[in-house]
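First up is the structure itself, then whatever we jot down about it.
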Amino acid sequence: MPGNKVEPAKILVVDDEKTTRLALCEAFNQVGYQADHAGSGHDALSELATSHYDVVILDLQMPGMSGVQVLKEVEQMAPNTAFVVFTAHASTDTAIAALRSGAVDYLRKPVSLER
């Protein structure tokens, strides 16, 4: 229908590894998403308190505040946001903990953008 413009999905990439988060943001922006980034769990909470995101890509292993802690904090703040967690230190226990905390998917680093 004319006049019905669909807004691109907003994605927040949260990772303490600057190279990873910037590369993911750039890749998402190139294919039409609106991607922002945060370098820590605390920065992610600040972003989520002021902006709506459709998807958050969240590293589990970060200094200061882990991805699971972020998931628990934002449960009430962003109920309609999908969380996908990723980590280089994958184990069954961490995957289960993340999924039980509200993540919709779990990926291993390095993340392949073709998957």
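Every residue in the stretch 71-89 that is touching a Lys or Arg at 6+ places or on another chain (Cβ under 9 Å) and exposed (fewer than 15 other Cβ atoms within 10 Å of the Cβ), please.
Hits for the stretch 71-89 are Ala88, His89.
If we scan the stretch 71-85, do we find a residue that is touching a residue at least 12 places away in the same chain (Cβ under 8 Å), in contact with a Ser or Thr (Cβ under 8 Å, 6 or more places away or on another chain), not acidic (Asp, Glu) and not in a helix (DSSP H, G or I)?
So far as the stretch 71-85 goes, no, none of its residues is touching a residue at least 12 places away in the same chain (Cβ under 8 Å), in contact with a Ser or Thr (Cβ under 8 Å, 6 or more places away or on another chain), not acidic (Asp, Glu) and not in a helix (DSSP H, G or I).
Go through the stretch 87-104 residue by residue and tally those that are aliphatic (A, V, I, L, M) and touching an Asp or Glu at 6+ places or on another chain (Cβ under 7 Å).
Total meeting the criteria: 0.
Quick one: in the stretch 21-61, which of the residues that are among the β-branched types (Val, Ile, Thr) and touching a strand residue (DSSP E or B) at 6+ places or on another chain (Cβ under 8 Å) is nearest to His89 (Cα to Cα)?
Residue satisfying both the conditions and the ranking: Ile57.
Taking the conditions exactly as written (in contact (Cβ under 8 Å) with a residue 24 or more places away in the chain and buried (at least 17 other Cβ atoms within 10 Å of the Cβ)), does Ala98 satisfy them or not?
Criteria met by Ala98.
Each value in this text was obtained by applying a stated rule to the coordinates, not by laboratory testing. Since we're looking at a predicted model, the values are computed, not measured. Note: ideal-geometry Cβ built from the backbone for every residue, glycine included; neighbour counts use all protein chains shown.
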